[in-house]
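Below is one structure, written out as C-alpha cells, with a few remarks after it.
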Amino acid sequence: MSAPDYTAFDAALLAHIDAGRNTMMVLDGMKDLLALAKPICQAAPGRFKPPEWRIIDRRLQALRKREVIVFDRKAGWMRLKKD
C-alpha cells in the first residue's frame, strides 16, 4: 500500500495558517480540512480508522519536522520564512 498524497491537504493547511487560523482548536473546525482528511482516514489500513483531527495533527507535525512551520505558544503555528 502506498502512502497518500498530502499535497492538496498541506496546501490548504498552510493557507489557513497564513490567514491567521493557526491553532489546533481553530484548524479542527475548518470544514474544508476535515473534508480533505476524510478520504485519507478511510484509506488507512486496519480495522480502526483515525479521526480527521488526527490527520490535521500529523500533517502539522510533518510540516514542523520539515521546517516549513514552527509553533509559538503565544502566536500559534507560523510559517517559517526561507531565504
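The values are calculated or read from the model by the stated rules, or taken from the named source; none is laboratory data. Because the structure is predicted, anything quoted here is derived from the model rather than measured. Neighbour counts are summed over all protein chains in view; Cβ atoms, including those assigned to glycine, are modelled from backbone coordinates with ideal geometry.
Residue selection: Val26 fails the criterion of being at pLDDT 95 or above and hydrophobic (A, V, I, L, M, F, W, C). Only a single item in (1) surrounded by fewer than 16 Cβ atoms within 10 Å (Cβ to Cβ); (2) of a type in the set (Gly, Ala, Ser); (3) more than 21 Å from Lys81 (Cα to Cα) is not met by Ala37, and it is number (1).
Can you give me the number of residues within the range 40-66 that are under 28 Å from Lys81 (Cβ atoms) and not aromatic (Phe, Trp, Tyr)? Show your work before the answer.
Step one: list which residues in the range 40-66 are under 28 Å from Lys81 (Cβ atoms), which gives 53, 55-66.
Checking which are not aromatic (Phe, Trp, Tyr) leaves us with 55-66.
Summing the residues that are under 28 Å from Lys81 (Cβ atoms) and not aromatic (Phe, Trp, Tyr) in the range 40-66 gives 12.
The residues listed here are Arg58, Arg64, Arg54, Arg79; of these, the one that is over 11 Å from the mean Cα position of the chain (by Cα), of a type outside the set (Val, Ile, Thr) and either surrounded by fewer than 16 Cβ atoms within 10 Å (Cβ to Cβ) or at pLDDT below 95 (or both) is Arg79.
Among the numbered conditions (1) within 15 Å of Ala3 (Cα to Cα); (2) of a type in the set (S, T, N, Q); (3) touching a residue at least 40 places away in the same chain (Cβ under 8 Å), the only one that Gln42 does not meet is (3). Phe48 fulfils the conditions (1) surrounded by fewer than 17 Cβ atoms within 10 Å (Cβ to Cβ); (2) under 11 Å from the mean Cα position of the chain (by Cα) except for a single criterion, (2).
All but one of (1) acidic (Asp, Glu); (2) more than 14 Å from the chain's Cα centre (by Cα); (3) surrounded by 13 or more Cβ atoms within 10 Å (Cβ to Cβ) hold for Asp72; which doesn't? Evaluating Asp72 over (1) acidic (Asp, Glu); (2) more than 14 Å from the chain's Cα centre (by Cα); (3) surrounded by 13 or more Cβ atoms within 10 Å (Cβ to Cβ) leaves (3) as the failure.
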